[in-house]
Amino acid sequence: MRSLIAGNWKMHGTLAWAGDQVRRLTEKTRDGLPCDVLVCPPATLLSTVAGPLRDAGILLGAQDCHHETRGAFTGDIAATMLADLGCSHVLVGHSERRSFHRESSHDVRKKAMAAHRAGLVAIICIGEDRNERRAGKAFDTTAEQLARSLPAGATAANTVIAWEPVWAIGTGDSANVPDVLAMHRFLKQQLMTLLGDGVRLLYGGSVNPSNSRELLDIEQVDGLLIGGASLDPERFWQIATDGAPD
Ligand code: PGA
């Protein structure tokens, strides 16, 4: 399966900064892309970066969407609006949304459904926190989040799953290879039962150019979701080149 390397800029970036980022990133794509590369900037930057990224063959994604198409939802953005701006993907259920905005898997499922209705690929994020892992509940937690977050109509074509253990996000403490292998094997089995074969499963959490190669070498890892390291085009590109087929 072709790897997907996705950068999540979170709440970072002004127009000037984004222009510079995209220029530095797209300069590297002259000889083509090593794998599928996706950038998810904050909503304020989507329209500015859409054109240059599209010209370079880089995919554009948003970080969240509302589950309704329109209405009195101050501050929210509909999936259809994101599609209108040129997005092909949207993250839903990122752990920062689940914790800071108290989004449940039920909410995430509605958002994923809205993304599908708008023709977007939903990247559904799941992951256990440190206490759940310590208590031996990592597998139960992720299985439950997965089953509850997947909407009817989800397929390998319109859905990507990202396992991002909360304890690994932004901590510099990436999950180790045996833990990633065990969780990805488990989640692939779950996905096989729920959706069938071929669903991309990404790993996320403190990915950087020093660990990306060994993570991508794990058989069940179909790509990476990158926060901090995606803010530096050189580091992000280095990770993307590790996504090239052997
Ligand atoms: P990180 O973030 O790479 O900075 O750990 C990953 C994410 O939250 O998607």
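Computed values, structure above
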quantity	calculated
Some residue of the range 101-120 being among the basic types (Lys, Arg), within 16 Å of the ligand (Cβ to nearest atom) and more than 21 Å from VAL39 (Cβ to Cβ)	no
Qualifying positions in the range 173-211 - within 16 Å of the ligand (Cβ to nearest atom) and either part of a loop (DSSP other than H, G, I, E, B) or open to solvent by 50 Å² or more (accessible area, probe 1.4 Å) (or both)	ASP173, SER174, ALA175, ASN176, ASP179, GLY205, SER206, VAL207, ASN208, PRO209, SER210, ASN211
Meets criteria (within 16 Å of the ligand (Cβ to nearest atom) and out of contact with any Lys or Arg (no Cβ under 7 Å at 6 or more places or on another chain)) for GLY227	no
Filter result for TRP163 (among the aromatic types (Phe, Trp, Tyr), under 22 Å from PHE100 (Cβ atoms), more than 15 Å from the chain's Cα centre (by Cα) and within 12 Å of the ligand (Cβ to nearest atom))	no
Pairs with Cβ under 6 Å, 6+ apart, first in the range 79-108 and under 17 Å from PRO151 (Cβ atoms) and hydrophobic (A, V, I, L, M, F, W, C), second away from the ligand (no atom under 12 Å from the Cβ) and in a helix (DSSP H, G or I)	ALA79/ALA114; ALA79/ALA115; VAL90/LEU82; VAL90/ALA115; VAL92/VAL108; VAL92/LYS111; VAL92/ALA112; VAL108/SER149
Residues satisfying the stated conditions in the range 40-55, i.e. without any contact (Cβ under 8 Å) to a residue 40 or more places away in the chain and not polar (S, T, N, Q)	PRO41, PRO42, ALA43, LEU45, VAL49, ALA50, GLY51, PRO52, LEU53, ARG54, ASP55
Per-region count, the range 55-96, residues open to solvent by 10 Å² or more (accessible area, probe 1.4 Å) and either over 26 Å from GLY243 (Cα atoms) or part of a helix (DSSP H, G or I) (or both)	21
Residue ID - farthest from the chain's Cα centre (by Cα), chosen from residues in the range 127-140 that are open to solvent by less than 20 Å² (accessible area, probe 1.4 Å) and free of Cβ contacts under 8 Å to residues at least 60 places away in the same chain	ALA138
The range 17-50, subset of a type in the set (Ser, Thr, Tyr) and part of a helix (DSSP H, G or I), residue most open to solvent (accessible area, probe 1.4 Å)	THR44
The lone exception for GLU214 - which of (1) away from the ligand (no atom under 16 Å from the Cβ); (2) without any contact (Cβ under 8 Å) to a residue 60 or more places away in the chain it fails	(1)
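The values are calculated or read from the model by the stated rules, or taken from the named source; none is laboratory data. Owing to the predicted nature of the structure, the values given are computational and were not obtained by experimental measurement. Note that we place each Cβ from the backbone using ideal geometry, even for glycine, and neighbour counts take in every protein chain shown. We work out accessible area using only protein heavy atoms, side chains counted, and drop any ligands, DNA or RNA first. Shrake-Rupley method; radii C 1.70, N 1.55, O 1.52, S 1.80 Å.
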